[in-house]
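To start, the structure under review is shown below, and the notes come after it.
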């Protein structure tokens, strides 16, 4: 996820210049290519996987929204929807690809500003919107305290222990840690006077992937809470796999880059199985997942990201509606869960509409809301936030 809205092009990955050849003598910079519209579409597919899990593949608040377990309302669909959380892992693979792309040729400040302007405007709007809706009369979900609401605006509510406004924000916490590690290990080194252009280089990226993989494995083995929080052994393989795919995209096929992808996939399927086949007493699980199916979906996720970026005919797809799909993904992902439950409760329990009609109307309304958030919030606020963050302070008057 990444979960964040990003313009996916080889020459302008984050709507900021990201040019600059790699310093490795044996590796030429990537050729100029068009926008990867198919990757935009894949991002929305991953978001819809998570959406239908929240609506039809779990208990808890979904049970409250429908008035009974979705397993009884959707006896067949729920068996598929329970695999929806794997959309997050696919997001992380995409994020590894795009963040590596956007780190090429950037200074640390440029990289940080690009991430902030991508994430925060829609996020702030979603937090305020969900809080406002939950405060309406007749809504059965509760708002957080004013203090926790303010803490949520930082996007760091999870590490400091505040109640979350958005259930999906745990994935943003994982993304922020990935950005931090990538910035410190890959983007930052030139700031210390080392030779080479600003931003990522093939050598630094390969070293980062190797060290992160080893560090994540050791962190998991040690059981140390700090190391596991920092190095994220359960999510690192997906980010690393996406980075490996980008190396192939930028520099061509070679054993080292494909080795990074392979190691990411091998560890990724392990952690996906470990995380998605919980103990049988887990209250929110009403359909037992198959280990084989999880492995297949993880494999297909890696293969899909590789296909839409590396296969010339797929990468060259120029369907403009896919760009719209990519634009909608991040705001849709932010609002679909909690606001979707409010809509489901209203349509199904109060208006008594048929379940599948409710499912379609809810998902459709969240896509419309995502479009409004993009037009009314992201488009006007992101450029203003960027200008604010890149302001040069005036010299003091003496």
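Throughout, read-outs are computed from the coordinates displayed, never taken from laboratory work. Predicted model only: the values in this text are computed from it and were never measured. Positions of Cβ are backbone-derived with ideal geometry, glycine not excepted, and every protein chain shown enters the neighbour counts.
If you rank 90, 73 by fewest surrounding Cβ atoms within 10 Å, what's the result?
Final ranking by Cβ density, sparse to dense: 73, 90.
Report the extension gain between residue 293 and residue 351 in nm, rounded to one decimal, defined as 0.36 nm multiplied by the number of residues separating them, less their alpha carbon distance.
17.2 nm
Taking region 37-388 as the region of interest, what is the percent of Cα-Cα pairs per 20 angstrom bin, listed from the shortest bin to the one with the maximum distance?
28, 60, 12, 0
With springs only between Cα atoms under 10 Å, which of 215, 242, 57 fluctuates most in a Gaussian network model of the chain?
215
What's log10 of I(q)/I(0) for region 72-196 at q = 0.09, 0.17, 0.18 Å⁻¹, Debye sum over Cα points only, no solvent?
Result of the Debye calculation: -0.38, -1.01, -1.07.
If you take the Cα Rg of region 234-356 and divide it by 2.2 N^0.38 Å, with N the number of residues, what do you get?
Its radius of gyration relative to the 2.2 N^0.38 Å reference: 1.39.
Between residue 136 and residue 69, with labels modelled 7 Å along Cα→Cβ, what's the label distance in nm to one decimal, could you check?
Taking the simple label geometry, residue 136 and residue 69 are separated by 3.0 nm.
Could you work out how far helix 37-56 tilts from the main Cα principal axis of the chain, as a 0 to 90 degree angle to the nearest 10?
30
Highest mean first, how do 165-171, 92-98, 340-346 rank when packing is the count of other Cβ atoms within 10 Å averaged over residues?
92-98, 340-346, 165-171
Using Cα springs under 10 Å in a Gaussian network model of the chain, which residue among 101, 158, 232 shows the largest mean-square fluctuation?
158
Report, in degrees rounded to the nearest 10, the 0 to 90 angle that the Cα long axis of helix 202-222 makes with the longest principal axis of the chain.
It is inclined by approximately 50 degrees.
Given the C-alpha centroids of region 229-278 and region 151-191, what is the distance between them in whole angstrom?
19
Only Cα pairs within less than 10 Å get springs; with that Gaussian network setup on the chain, which residue of 258, 319, 173 has the largest fluctuation?
The residue that fluctuates most here is 319.
Using a basic spin-label model with each label point 7 Å from the Cα along Cα→Cβ, how many nm lie between residue 313 and residue 160?
5.3
By count of other Cβ within 10 Å, fewest leading, how are 155, 391, 49 ordered?
Final ranking by Cβ density, sparse to dense: 391, 155, 49.
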